């Protein structure tokens, strides 16, 4: 979830009202844009706001937040018109970029008053857009420049790795592109995006001065803005045209909200003989059915009421006809894909808490999964036999499953991107979880008797997801006199109460003591294992008490039970 | 006639039988009472002036490990001389040792004592032993055997002849001598009188009632001792359900009562059910609402859904299909849809349910799902956790119905006094609502997220009606109830905490 830093005083200024540092009131307001104040530093007047909506980059900065809230707060209703003046810069795009990073969008915002906080806010927005929307600059990346230092027209061209040298941002000496990829931290971070190509993207002005090496780094001479900057050039390059234009819109609007006046750029795609004027700040139209709105929300709103609520949410209504509204959607609301998105904003503007909840009587019958009753009985029985139920993770590691159980490694479901080295796979049997549990309770009073009814996941070629889940029941007894006969006696009581006759057949299993382990067989089916744990296993878990255990496949037991009915 | 308790009577009469003077050990044998019973009885008799208790200090002698060996096999010098006599009168040490099967460590001891006792001479040059005389059984050997039979004995009880030998064996470190106190019970004049006059048995005071006492009716004659009922007793740890699972059981029961039916689905899922069918695009930040564990091998699975549904989803992502949406506008990959992952939320099961042939309309469904996300585990995050969520399907359902479901949950499950709704965001629902429940003593709790499935979710699945989707923050509720502020405590490995956690 995006988190943005907000200067409280600046926020009040942009909103045009005072909030009197009332956190509850503030959070009620932020909730309208799915935001919540997470931290508030009273002394510095700074707060950090978390935005739940990952599809609204227009509210990922303070200007955008204020823009979205002004309507709800009755400060400025309806469609906000943003315009960009006629093109004042031309950009020529080299066709050789087609397979590297073909698209660029530019805007010029003049007469902006840039304060230190504004610049920081812009940098944060740029960062967030680069990371998320721009997929770590793979898809788009943003550059900001001091317009007065640049001589148009610009050319978005290609250069060989050693052909051009410039001073990259934050450095003193000139480097060629190859050196930048090697030595500059940003080169090391983002170089992989272009390094597979024989030529790299480069943005130059008419004097052949380097603006930037997209998407890696700007030049130190032209590629930075300061409080002294009056006119800003915004540039976005990328691989998806629509994303490039949307990203350009977000940054440009923030500068306009800071009092700037925007001008366009003409992008010449020479090879395709195509000219595109950027930024695109026009609103678009979407039809909205009044009946649909009411059917979704469950209210009886008139077309006029709906238009009023849309205005609060920052939309315009061009006309109302035949119970249909033609809604103007501002350029920055790229999240609106379907009229249902408008319905939500109408409901939010109306107020969720003003809508009366309705519990509808529906003729449905509740119920649990078919095997649930048996599983519940199994748990009750274990409790009755004096075992404490425990809850463990299904994520574990092969060492716990095999090495520390004195077993050979088997094929299991492993994850490709573990977060920690101790949680790398799903368990394929339950007993190791319980032995680990005992290992974590060495100093807790004995005897210890615990059980778990849990899921294990096994590889299975035949399954839709190449795996299958199984419910297992495992129990362990650990104390100075724990023995095979004690666990067998518990298991015997379990089967008796499950109404199942069982027999035991001696088996060899490396986790158990030889000659003290057996397979539990019900109606000719192997349903589990019971025995006394091998001391080799005990010492690996630092367990000092004899331990006996069983593990049953509840899937099979349920199937046998169901078949016998 | 004097009245005595049964055990006192037995003890006194046993002492009389042993001549009016007996040790505790002797009395145990004679009376068949336990040690503690005799001591207790003797003390009571002493108080009544019927016996005297004398304490005698005695030196008890006992074999040690080495002593035991020699007691069984014979002293090493004895074994050596016996072996030599079998061979002849003169032989090499090596041969004799072999014949005697003498352990290596005893050779020097045997050589020393065999010469000291003048049984043989040893010529170090030729390494031979020359027998001087064949000895009779020695007193030290006799003592060893005696001690081995009795396991211990008082020096004072052994014959005078052994006195010196004990010192020798003590020096040879074959025995240990320890001072012990022995109690001797002696009948007094008054005691003799009492025995002469006859003894009546008083009602016996007993601690443990036994089946024998009950069946035989003997308990009637006995007095059951009063207990100190305040005394602390050993802990009993009851078998019981895990407190969190017990809580989930309760929630489940309430959902069933409200008419919800349980849904199922696999732990390892395809991207299709986890994301795509929920209109979360394959390459878009909206998917990154949470991270996901990818399966290492195999990487791809199948999708048991109608081919038509698959293509509908693909088209919806690419251009909105017939849903009225503009779609996500990118090239959808069917291969990527089959990517195997560990399910990141329970909503996969809702989609699977919508695609089921036996889907009931109207229908209410719920699921309890273990979910996985590659998060760093801390106070508020787990990498593996449980979700409780579900759907309501019927024609004409509205946002009001969704709020109704949420309010019902807040009151029936969270026991809330009042509720508050906030806008929320999920890529697959619109509108989306966050449920906040207020309960006296708990304050406001975020208790669930919900929404109406987007048309881009329902229409491709062939559902042309609203589907209300909800998820409950049961973990948060349980934590409040259990008084814990660290989510890791839910999966605690602390057996002591679980044992002590109350069930209500």
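What follows draws every value from the coordinates through simple rules; no lab data is involved. These numbers were taken from a predicted model, which means no experiment stands behind them. When we count neighbours, we look across all protein chains shown, and the Cβ atoms used for this are built from the backbone with ideal geometry, even at glycine.
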For this session: Partner chain Cβ atoms within 10 Å, averaged over the residues of B:243-250 - can you pull that number for me?
Result: 2
Problem set entry | Estimated distance in nm for a label pair at residue A:39 and residue B:219, the labels positioned 7 Å out from Cα along Cα-to-Cβ | 7.1
Problem set entry | Potential extension, residue A:113-residue A:171 segment - 0.36 nm per residue separation minus Cα distance | 18.2 nm
Problem set entry | Two-decimal Rg to Rh for segment B:246-500 - Kirkwood Rh, Cα set | 0.97
Problem set entry | Nearest-ten-degree value, helix B:162-171 long axis tilted from longest Cα axis of chain B | 50
Exercise. Once the Cα gyration tensor of the protein assembly as shown is diagonalised, what are the square roots of 5 times its eigenvalues, in whole Å and ordered largest first, as equivalent ellipsoid semi-axes?
Worked result: 86, 40, 28
Seminar exercise, completed: Dividing the mean separation of Cα pairs under 8 Å (6+ apart) by the residue count of segment A:85-278 yields a relative contact order in percent of 42
Seminar exercise, completed: For chain A, longest principal axis from Cα atoms; helix A:116-128 axis from its Cα atoms; angle between them, nearest 10 degrees, is 50
Seminar exercise, completed: From fewest to most C-beta neighbours within 10 Å, the residues A:243, B:36, A:3, A:396 line up as B:36, A:3, A:396, A:243
Exercise. Expressed as a rounded percentage, what relative contact order does segment A:3-72 have, with Cα pairs under 8 Å and six or more residues apart?
Worked result: 41
Exercise. Relative contact order for chain B: what is it in percent, counting Cα pairs under 8 Å that are at least 6 residues apart?
Worked result: 12
For this session: Rounded to the nearest 0.05, what FRET efficiency do residue B:294 and residue A:302 give with R0 = 51 Å and r taken as the Cβ-Cβ distance? Could you check?
Result: 0.50
Exercise. How many angstrom separate the Cα center of segment B:477-504 from the Cα center of segment B:385-426?
Worked result: 26
For this session: State the extension gain, in nm to one decimal, for the chain segment bounded by residue B:167 and residue B:149, taking 0.36 nm per residue of separation less the distance between their alpha-carbons.
Result: 4.5 nm
Seminar exercise, completed: Averaged over the residues of B:392-405, the number of partner chain Cβ atoms within 10 Å of each residue's own Cβ comes to 6
Exercise. Classify segment B:253-381: rounded, prolate or oblate, from the alpha-carbon gyration tensor (a ≥ b ≥ c, eigenvalue square roots; a/c under 1.5 rounded; otherwise prolate if a/b is larger than b/c)?
Worked result: oblate
Exercise. If each residue's Cβ is checked for other Cβ atoms within 10 Å, how do A:479, A:184 rank with the fewest at the top?
Worked result: A:479, A:184
Problem set entry | Between helix A:372-384 and chain A: long-axis angle, C-alpha atoms, 0 to 90°, nearest 10 | 60
Exercise. Quick one: if the Förster radius is 22 Å, what FRET efficiency do residue B:360 and residue A:373 give, using the C-beta to C-beta distance and rounding to 0.05?
Worked result: 0.60
For this session: Kindly identify segment A:411-565 as rounded, prolate or oblate by the Cα gyration tensor criterion: order the square roots of the eigenvalues as a ≥ b ≥ c, call it rounded if a/c is under 1.5, otherwise compare a/b with b/c, prolate if a/b is larger, else oblate.
Result: oblate
Exercise. Binning every alpha carbon pair distance of chain B at 20 Å from zero, what are the percents per bin?
Worked result: 16, 24, 12, 18, 23, 7, 0
Problem set entry | Two-site label geometry, residue A:136 and residue B:504: point separation in nm, points 7 Å out along Cα→Cβ | 5.5
For this session: Provide the gained length on full extension for the span residue A:443 to residue A:183, in nm with one decimal, where the gain is 0.36 nm per separating residue minus the Cα-Cα distance.
Result: 88.2 nm
Exercise. What is the distance, in nm, between label points placed 7 Å from the Cα along the Cα-to-Cβ direction at residue A:560 and at residue B:246?
Worked result: 3.1
Exercise. Cα centroids of segment A:147-179 and segment B:192-259: how far apart, whole angstrom?
Worked result: 90
Exercise. Got a sec? How would B:275, B:491, A:550 order by Cβ neighbour count within 10 Å, fewest to most?
Worked result: B:491, A:550, B:275
Problem set entry | Cα shape, segment A:85-278, gyration tensor, a/c 1.5 rule | rounded
For this session: Would you calculate, for chain B, the mean residue ellipticity at 222 nm contributed by helices, counting each DSSP H stretch of 4 or more residues as -39,500 (n - 2.57) and dividing by all residues, to the nearest 500?
Result: -10500 deg cm²/dmol
For this session: Enter the Cα centre distance for the pair segment A:415-463 and segment B:117-137, rounded to the nearest angstrom.
Result: 72
